[in-house]
Amino acid sequence: MRILSLFFCLAFLNSFAQESVEYNLYKKLYPNAKSVRINQNTTVTIKLNSGNIDITQEFFEEDLYLDESANYNSKKALNFSSFFELDKVEASSFTYTDGKYKEIEVTEFKEKDELDMSFYDDNKSLNFIFPSLQKGSKSVLKYSETVKNPRFLSPFYFGDFSPIVNNKVTIIADKGIDLAFKAFNTDTLNINFKKVEKRNYNIYTWELKNIDEFEYEPNTPTYKTILPHIVPIITSYKSNDIDTNLAKNVSDLYAWYYSLVKDINKEDVDENLVKLVKELTADKPNDLEKVKAIYYWTQKNIKYIAFEYALGGFIPRQANEVFQKKYGDCKDNSSILYQMLDIAGLKGDLTWIGTRSIPYDYNEVPTPLVDNHMILSYTDENDNTYFLDATGRYVSIDYPTSFIQGKEALISDGASNFIIKKVPIIPAIKNAVIDSTSIRIEGENIVGTAKIEISGYNKMDTYNYLENETTDEKLKAFYNARLKKGNNKFLIKSFLETNKYDYEKNFIVDYDYTISGYAKRLGNEIYLNLNLIKDLAAYKTKEDRKHDIEYDHTTYFNYITNLEIPEGYTVDYIPENINLSNDYISASINYEVTDKMVIYNHAYSLNTITLNLKEQKEVNSLIKKLENAFKEVIILKKI
């Protein structure tokens, strides 16, 4: 018995010995974390070299794995390109056995192009696997890279989606180099910042300890609005007594951008392109109609495919080349639009813009980090600006693509002039879904005839879905899901599409349907819930949500149901009308009774594309009140 007890005791001690002191410490500090970054050190060295700026970045990352999912984190990829040249890379795993860590070096690294179905650039990745990772293991990664363009200094982050114990950033810069630092989401952090001046250089350091993991939630605008970070900017430098502005303000960024596009479309225009523009615009009564014809043709006929290398990511291809190949990226689409408008005697302006995944404004971050997209702007004689993005599909001229709404656009206006305009957020009423249905009761079944009319971004989204529904069977399945009412026994019998894929007319679908077993008969009464569609609930967020939420666009829905009162019945009970609104959302349910009909009208409007936590609570409160109303039924009584 004593021998058996000793065996269990030794087994217990042996199992405990497989966990390091570090592991037990950080498992206790971060019990819910899968891993913890013990050390993260970044050192950036910026030197003047014969009038040029040389930049090297060194990185050190030490991670400890706290549960059995360690092996899932063993794959690692380092991205690099012509702007970020990857230098020395060292990586090792450390497994804890017999009271100490054993190092296993990574020996195999594989380089690959980052290629997907429609996009290719010079971005590559170096891929490798940390061997033998398990609970209690550590990994260490050291690497360095050369930054080939001083405008491309990367942000450094003080937080991540796992805890960081020690985080230190050091920038060593020659004294002739002026730097600015833009901080984001750092207000609540106790960052220890120091600047030390040496004889020939300045040393900037930021240190932060014991940062909990950040949580990424669905539909958060971008991780850059969550994670605390600083954007370093080389504003200017002095070499051989010559001062050079690099990124002091937007003018410096624009000057560089303009230098990259000033020579496009200088060659003779392809005569077939000239002929096409003349055909497209021949019968158009005014300039805007000419722009529409050119814009819609480009959306339909120039496929979005990109091949970029180095500065090719910033320089548009010649319009002739884009026209002949019938494909290009966002810059190439802008180039051919620019040329086609010029052929038609119209002026378009090349425009740089960031998508909503980038939270910076031009004046706060005047570097290429502020944008990632190019479009063409057209301004009419009344100073109305249209933002033409031919990479979108089925986008009417009155709408920007949804992912640039609310963003600043940097519009070219010659060699030294530019305009910054904010892209509007399209009002909800212009993104409408209006579904009108007439129904009658047959036994306990509903038989209905309906028409749905869809406009704006809702229409564009529908068109993009419909492109994949290539058979009658798929199309009917799509409409059964998209137009569902009442319950899972909703079934479309027939449908008719009108204005399908039209850029400017609303898309209309007429359809007939049944809903089996939806009406409930009890004695002389019929109970019926006319709230056939309750999708407003989709905009209710979790009560414990921690971050802002973002929607693709504003939206307006209106559901109208005309119920034919069955012969021999009268309306015995109608729920109360309800009308609620705040600055972000409005909703109503209204009932009206006539001699032969009960008319139900439910409308709601989401009037913003982002909601902070306070606003989410206000929206949730409103939706909860509507959800109670959704449970209400009408009662029909036999006369």
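Just checking, which of 233, 242, 226 is aliphatic (A, V, I, L, M) and closer than 14 Å to residue 153 by Cβ?
Going through 233, 242, 226 in turn, the sole match is 233.
Quickly run through the stretch 153-197 and pick out the residues that are in a strand (DSSP E or B) and among the basic types (Lys, Arg).
Within the stretch 153-197, 168, 182, 194, 195 meet the criteria.
Would you call residue 561 in contact with a strand residue (DSSP E or B) (Cβ under 8 Å, 6 or more places away or on another chain), within 23 Å of residue 455 (Cα to Cα) and in the same structural domain as residue 483 (by TED's automatic domain parsing)?
yes
For the stretch 23-62, which residues satisfy the criterion of being acidic (Asp, Glu) and either modelled with pLDDT under 95 or over 29 Å from the mean Cα position of the chain (by Cα) (or both)? Walk me through how you get there before you give the answer.
Initially, the stretch 23-62 is screened for residues acidic (Asp, Glu), giving 54, 58, 61-62.
Of everything in the stretch 23-62, those that are acidic (Asp, Glu) and either modelled with pLDDT under 95 or over 29 Å from the mean Cα position of the chain (by Cα) (or both) turn out to be 54, 58, 62.
Filter the stretch 121-140 down to residues that are in contact (Cβ under 8 Å) with a residue 60 or more places away in the chain and under 30 Å from the mean Cα position of the chain (by Cα) and give me whichever is surrounded by the fewest Cβ atoms within 10 Å (Cβ to Cβ).
Among residues in the stretch 121-140 that are in contact (Cβ under 8 Å) with a residue 60 or more places away in the chain and under 30 Å from the mean Cα position of the chain (by Cα), the one surrounded by the fewest Cβ atoms within 10 Å (Cβ to Cβ) is 122.
Let's see how each residue does on (1) assigned by TED's automatic domain parsing to the domain that holds residue 372; (2) under 33 Å from the mean Cα position of the chain (by Cα); (3) in contact (Cβ under 8 Å) with a residue 60 or more places away in the chain:
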site: 83; (1), (2), (3): no, yes, yes
site: 96; (1), (2), (3): no, no, yes
site: 100; (1), (2), (3): no, no, no
site: 106; (1), (2), (3): no, no, no
site: 174; (1), (2), (3): no, no, yes
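Name the residues in the stretch 458-484 that are among the basic types (Lys, Arg) and touching a strand residue (DSSP E or B) at 6+ places or on another chain (Cβ under 6 Å), would you?
Of everything in the stretch 458-484, those that are among the basic types (Lys, Arg) and touching a strand residue (DSSP E or B) at 6+ places or on another chain (Cβ under 6 Å) turn out to be 459, 484.
Among the residues of the stretch 235-267, write down those that are among the hydrophobic types (A, V, I, L, M, F, W, C) and within 27 Å of residue 334 (Cβ to Cβ).
Let us first name the residues in the stretch 235-267 that are among the hydrophobic types (A, V, I, L, M, F, W, C), namely 242, 246-247, 250, 253, 255-256, 260-261, 264.
Within the stretch 235-267, 246, 247, 250, 253, 255, 256, 260, 261, 264 qualify.
Among the residues that make up the stretch 583-594, is at least one of them crowded, with 17+ Cβ neighbours inside 10 Å and not in a strand (DSSP E or B)?
Within the stretch 583-594, one or more residues are crowded, with 17+ Cβ neighbours inside 10 Å and not in a strand (DSSP E or B).
If residue 439 passes every condition in (1) over 34 Å from the mean Cα position of the chain (by Cα); (2) modelled with pLDDT under 95; (3) not aromatic (Phe, Trp, Tyr) but one, which one does it miss?
It is condition (2) that residue 439 fails.
Residue check: is residue 224 assigned by TED's automatic domain parsing to the domain that holds residue 159, within 33 Å of the chain's Cα centre (by Cα) and either in a helix (DSSP H, G or I) or exposed (fewer than 14 other Cβ atoms within 10 Å of the Cβ) (or both)?
Yes; evaluated as a whole, the condition is true for this residue.
Of the conditions (1) farther than 23 Å from residue 356 by Cβ; (2) small (Gly, Ala, Ser); (3) in contact (Cβ under 8 Å) with a residue 12 or more places away in the chain, residue 605 clears all except one; give me its number.
Residue 605 satisfies every listed condition except (1).
Report yes if residue 78 is part of a strand (DSSP E or B) and modelled with pLDDT under 95, otherwise no.
Working: part of a strand (DSSP E or B): yes; modelled with pLDDT under 95: yes.
It is true that residue 78 is part of a strand (DSSP E or B) and modelled with pLDDT under 95.
When you go through (1) within 33 Å of the chain's Cα centre (by Cα); (2) closer than 24 Å to residue 444 by Cα; (3) buried (at least 17 other Cβ atoms within 10 Å of the Cβ) one by one for residue 513, which number turns out not to apply?
Just one mismatch for residue 513, condition (1).
With 94, 109, 152, 130 as the choices, which residue is aromatic (Phe, Trp, Tyr) and more than 30 Å from residue 211 (Cα to Cα)?
109
Find the residue count for the stretch 245-296, including only residues that are among the aromatic types (Phe, Trp, Tyr) and closer than 26 Å to residue 416 by Cβ.
Final tally of qualifying residues: 4.
Considering each of 471, 449 in turn, give the residue that is among the hydroxyl-bearing types (Ser, Thr, Tyr) and within 28 Å of residue 605 (Cα to Cα).
Numbers: 471 fails: within 28 Å of residue 605 (Cα to Cα).
Answer to the selection: 449.
Within the stretch 595-639, track down each residue that is within 23 Å of residue 219 (Cβ to Cβ), polar (S, T, N, Q) and either in a strand (DSSP E or B) or outside the structural domain of residue 526 (by TED's automatic domain parsing) (or both).
Those that are within 23 Å of residue 219 (Cβ to Cβ), polar (S, T, N, Q) and either in a strand (DSSP E or B) or outside the structural domain of residue 526 (by TED's automatic domain parsing) (or both): 605, 610.
Do you know which residues across the stretch 540-566 are in a loop (DSSP other than H, G, I, E, B) and charged (D, E, K, R)?
540, 542, 543, 544, 545, 546, 548, 552
Six or more apart or on different chains, Cβ under 6 Å: which pairs go from a residue in the stretch 29-43 that's surrounded by fewer than 18 Cβ atoms within 10 Å (Cβ to Cβ) to one that's of a type in the set (Lys, Arg) and part of a strand (DSSP E or B)? Could you list them?
Partner pairs satisfying both residue conditions: 41/168.
Going through 376, 410 one at a time, which residue ends up being crowded, with 18+ Cβ neighbours inside 10 Å, within 22 Å of residue 151 (Cβ to Cβ) and in the same structural domain as residue 360 (by TED's automatic domain parsing)?
Matching residue, one of 376, 410: 410.
Of 434, 429, which residue is within 13 Å of residue 557 (Cβ to Cβ) and either out of contact with any strand residue (DSSP E or B) (no Cβ under 8 Å at 6 or more places or on another chain) or not in a strand (DSSP E or B) (or both)?
Every option except 429 fails the conditions.
Only residues that are in contact with a Lys or Arg (Cβ under 8 Å, 6 or more places away or on another chain) and over 14 Å from residue 385 (Cβ atoms): list them for the stretch 406-423, please.
Matches in the stretch 406-423: 406, 415.
Which residues, taken from the stretch 502-530, are under 21 Å from residue 452 (Cα atoms), part of a strand (DSSP E or B) and aromatic (Phe, Trp, Tyr)?
Those that are under 21 Å from residue 452 (Cα atoms), part of a strand (DSSP E or B) and aromatic (Phe, Trp, Tyr): 507, 511, 513.
So the check is Cβ under 8 Å with 6+ separation or different chains; which pairs have a first residue in the stretch 451-477 that's in the same structural domain as residue 608 (by TED's automatic domain parsing) and surrounded by 18 or more Cβ atoms within 10 Å (Cβ to Cβ) and a second one that's among the polar types (S, T, N, Q) and part of a helix (DSSP H, G or I)?
These pairs meet every condition: 454/462; 457/402; 460/402.
For the stretch 437-450, how many residues are surrounded by fewer than 20 Cβ atoms within 10 Å (Cβ to Cβ), touching a residue at least 24 places away in the same chain (Cβ under 8 Å), of a type outside the set (Val, Ile, Thr) and part of a strand (DSSP E or B)?
So the count comes out to 3.
Quick check on my filter: what residues within the stretch 1-22 are modelled with pLDDT of 50 or more and surrounded by 10 or more Cβ atoms within 10 Å (Cβ to Cβ)?
Our first condition is that a residue be modelled with pLDDT of 50 or more; within the stretch 1-22, this holds for 18-22.
Within the stretch 1-22, 18, 19, 20, 22 qualify.
The values are calculated or read from the model by the stated rules, or taken from the named source; none is laboratory data. What you see is a predicted model, and the numbers here were worked out from it, not measured in a lab. With ideal geometry, Cβ positions are generated from the backbone for all residues, glycine too; neighbour counts draw on all protein chains shown.
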